[in-house]
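Worksheet for the structure shown next.
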Amino acid sequence: MIYKKLILLLAIVGFRGQIDAQNAVAVSNQKTEAWKKEIVNSLDGKYKSAQEMVDMVFSFSELGFQEMETSAYLTGILKKNGFSIEPGISGVPTAWLAKWGNGKPVIALGSDIDCIPKASQKPGVAYKEAIIEDAPGHGEGHNSGLPLVILAAIEVKKIMEREKIPGTLVIWPGVAEELLGTKAWYIRDGYFKNVDACIFTHVSSNLGVSWGDAGNTGLVSVEFKFEGSSAHAAGGPWRGKSALDAVELMDVAWNFKREHLKPTQRSHYVITDGGDQPNVVPSKAAVWYYLRERNYEDIKSMYDEAILYSKSVAEMTGTKVSHQLLGAAWPGHFNKPIAEAMYRNIKTIGLPTWDAADQQLARAVQKLVNAPKVSFRGQPIDGLATKVDTLDGPAQNFMMAGSDDIADIAWNVPTVVCRYPSNIPGLPGHNWADAIAMATPIAHKGVVAGTKVVATTLVDMLTNPKIIADAWDYHNNVQTKEVKYIPFIQTDTPPAIHLNKKIMDEFRPQLKKYYYDPSKYKTYLEQLGIQYPQLEKQSGG
Ligand SMILES: [Zn+2]
């Protein structure tokens, strides 16, 4: 009887609790909406900050693992704004964590910062012209994501301080994303252990977010090094054991193998060492593979087979082989409740207002690169996007074959990727043409729009605990119900921080002359003497 009364009492208390919670949410909803409006209005005045940061990182043009100037600049801004910095996380000199705030929820905000080899390109012009021939450049638009995240965090921090909203903001860079080089290491080393949710941002040509299976691939990036023995290539070739023979046989074997792989795979390689000169039988040679597939098992199986092939060709050629894992990524899967919360803000905020100059440049560049008429998503490609993307659920068809190691974070912490419209639709990707818009008003306006989306979604997550509770429910009971994260890297796999060092050592002194100087020039376009949009090459220029 007492027991029954207790249950009744608990039921009443519980019921009251629910009413109170509902009231609390309703009250906070009103406040939340007011704070969100305030942030959006304030960000309309932050165009200059966005422009300056985006242009600055564009001018640094640093390849993966060598983002020294970029990281020093961005952490400098964060320090000035009260964030504490933990440098060199996971043994990566250009990686860091910036933290501000107290208690729960802990929300991580990230974006990539590295650029693309040989993608140096003048911004704002509708023709190919490098700033420095063969130098790296932002032909993937990774110069825009962290400026966006930083602006959003600073704006939300102001409200958190004033309104005493608990929570911790953690900002982190995707170092060497093009090499899939760090995010699995951050997870392995525990940097996301106490994180409740993660908002990632990636440049795109529209404003959007999606949830579920992203329809892309995961991968392992692995380099095989062969060692034989040299000999005079004419005088005594029978005495040599060619490491290059091993590399070539490995590539031939893998190209035969392709016929028997699933159509979802993508595999590609570059020969990183092909010997020194023809008259010396190459004693050393190396080949670097990216092996991509749609799930862990298929990636692992390709990885194991490639190792087997490398051993077989080593035997055939009398050489020795070793391999090193240089990068890894899981296929993407993103969180539904956070994506839905973000998409509500996307609809409210909408696309930037493009002017005639923006559209002129976009159409001229689309013509220049012979852009397709229709996108993967079935939308016409004609100038810049004017209609916001739909909220997409799990990919129905295999469409996006690329990989992004944000997936390794997304399989451990509820994560979404906010896509923002800082680039021109229909470009080839990883190309000089993809750099053209990235230090122009197109990039700057796109970043401001993305900043509004991230900042308002942050406010939602900080003030409505249900979003994060639902996010974990989806994470635990849908996303990882049957698929369990198994890392490709081992506990002792080092990050491949040696990559790109030589290239950056060669180009950094030249690039320095073109670093953006905001004390002298309003924009980077002005510094480079570009009349936006410059559709034709200036004669004698
Ligand atoms: Zn990217």
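Each row is one residue, and each column tells you yes or no for (1) of a type in the set (F, W, Y); (2) part of a loop (DSSP other than H, G, I, E, B); (3) in contact with a strand residue (DSSP E or B) (Cβ under 8 Å, 6 or more places away or on another chain).
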residue	(1), (2), (3)
E248	no, no, no
V252	no, no, no
F256	yes, no, no
E259	no, no, no
T264	no, yes, yes
S267	no, no, yes
T272	no, no, yes
Q277	no, yes, no
A285	no, no, yes
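If a residue counts only when it is at pLDDT below 95 and of a type in the set (D, E, K, R), which helices (runs of 4 or more DSSP H) contained entirely in region 1-104 have at least 1 such residues?
2-44
If E223 satisfies all but one of (1) acidic (D, E); (2) away from the ligand (no atom under 16 Å from the Cβ); (3) outside any strand (DSSP E or B), what's the number of the condition it fails?
With (1) acidic (D, E); (2) away from the ligand (no atom under 16 Å from the Cβ); (3) outside any strand (DSSP E or B) applied to E223, the lone miss is (3).
Assuming I131 fulfils every condition listed in (1) part of a loop (DSSP other than H, G, I, E, B); (2) free of Cβ contacts under 8 Å to residues at least 24 places away in the same chain; (3) surrounded by 16 or more Cβ atoms within 10 Å (Cβ to Cβ) apart from one, which condition is it?
(2)
Yes/no matrix, rows are residues, columns are (1) buried (at least 23 other Cβ atoms within 10 Å of the Cβ); (2) in contact (Cβ under 8 Å) with a residue 60 or more places away in the chain; (3) closer than 20 Å to A286 by Cα:
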residue	(1), (2), (3)
G174	yes, yes, no
L180	yes, yes, yes
D189	no, yes, no
V195	no, yes, no
S205	yes, yes, no
W211	yes, yes, no
S229	no, no, yes
H232	no, no, no
D245	no, yes, yes
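When you scan region 328-336, do you find a residue that is over 20 Å from the mean Cα position of the chain (by Cα) and surrounded by 17 or more Cβ atoms within 10 Å (Cβ to Cβ), even just one?
Step one: of region 328-336, the residues over 20 Å from the mean Cα position of the chain (by Cα) are none.
Scanning region 328-336, I find no residue that is over 20 Å from the mean Cα position of the chain (by Cα) and surrounded by 17 or more Cβ atoms within 10 Å (Cβ to Cβ), so the answer is no.
Table: residues versus (1) away from the ligand (no atom under 16 Å from the Cβ); (2) among the acidic types (D, E); (3) modelled with pLDDT under 95.
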{"position": "Y127", "(1), (2), (3)": "yes, no, no"}
{"position": "E140", "(1), (2), (3)": "no, yes, no"}
{"position": "E177", "(1), (2), (3)": "no, yes, no"}
{"position": "H202", "(1), (2), (3)": "no, no, no"}
{"position": "W211", "(1), (2), (3)": "yes, no, no"}
{"position": "G218", "(1), (2), (3)": "no, no, no"}
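Could you tell me whether region 157-172 includes any residue that is within 16 Å of the ligand (Cβ to nearest atom), of a type in the set (V, I, T) and either under 26 Å from K31 (Cβ atoms) or at pLDDT 95 or above (or both)? Give the derivation first.
Keep residues of region 157-172 that are within 16 Å of the ligand (Cβ to nearest atom), which gives 172.
Within this subset, residues satisfying the condition of being of a type in the set (V, I, T) are none.
No, region 157-172 contains no residue that is within 16 Å of the ligand (Cβ to nearest atom), of a type in the set (V, I, T) and either under 26 Å from K31 (Cβ atoms) or at pLDDT 95 or above (or both).
(1) crowded, with 17+ Cβ neighbours inside 10 Å; (2) aromatic (F, W, Y); (3) within 25 Å of C198 (Cβ to Cβ); (4) touching an Asp or Glu at 6+ places or on another chain (Cβ under 9 Å): which one isn't true of Y516, the others all being true?
It fails just one condition, (3).
Considering only helices (runs of 4 or more DSSP H) fully contained in region 308-422, which possess at least 3 residues that are basic (K, R)? Steps first, please.
On the way: elements: 336-349, 356-368, 406-410.
Filter on region 308-422 gives 336-349.
Given the condition buried (at least 23 other Cβ atoms within 10 Å of the Cβ), in contact with a helix residue (DSSP H, G or I) (Cβ under 7 Å, 6 or more places away or on another chain) and farther than 25 Å from D405 by Cβ, answer yes or no: does some residue in region 215-222 qualify?
No: region 215-222 contains no residue that is buried (at least 23 other Cβ atoms within 10 Å of the Cβ), in contact with a helix residue (DSSP H, G or I) (Cβ under 7 Å, 6 or more places away or on another chain) and farther than 25 Å from D405 by Cβ.
Against the condition of a type in the set (A, V, I, L, M, F, W, C) and closer than 24 Å to P421 by Cβ, how does A176 come out, does it pass?
No: the conditions fail for A176.
Just to verify a result, which residue in region 179-200, among those that are of a type in the set (V, I, T) and within 28 Å of K466 (Cβ to Cβ), is farthest from the ligand (Cβ to nearest atom)?
Of all residues in region 179-200, those of a type in the set (V, I, T) come to 182, 187, 195, 199.
Remaining after also requiring within 28 Å of K466 (Cβ to Cβ): 187, 195, 199.
Details: I187: 18, V195: 21, I199: 16 Å.
Across region 179-200, the extreme among qualifying residues is V195.
If P421 meets every condition in (1) under 19 Å from the mean Cα position of the chain (by Cα); (2) farther than 21 Å from S59 by Cα; (3) surrounded by 17 or more Cβ atoms within 10 Å (Cβ to Cβ) apart from one, which number is that one?
Result: P421 fails condition (2) only.
Can you name the condition, by its number, that L151 falls short on among (1) surrounded by fewer than 20 Cβ atoms within 10 Å (Cβ to Cβ); (2) away from the ligand (no atom under 16 Å from the Cβ); (3) farther than 22 Å from I468 by Cα?
Only one criterion is unmet by L151, namely (1).
The values are calculated or read from the model by the stated rules, or taken from the named source; none is laboratory data. Note that the structure is a prediction, hence the values are computed from the model and not measured. Backbone-built Cβ (ideal geometry, glycine too); neighbour counts: all protein chains shown.
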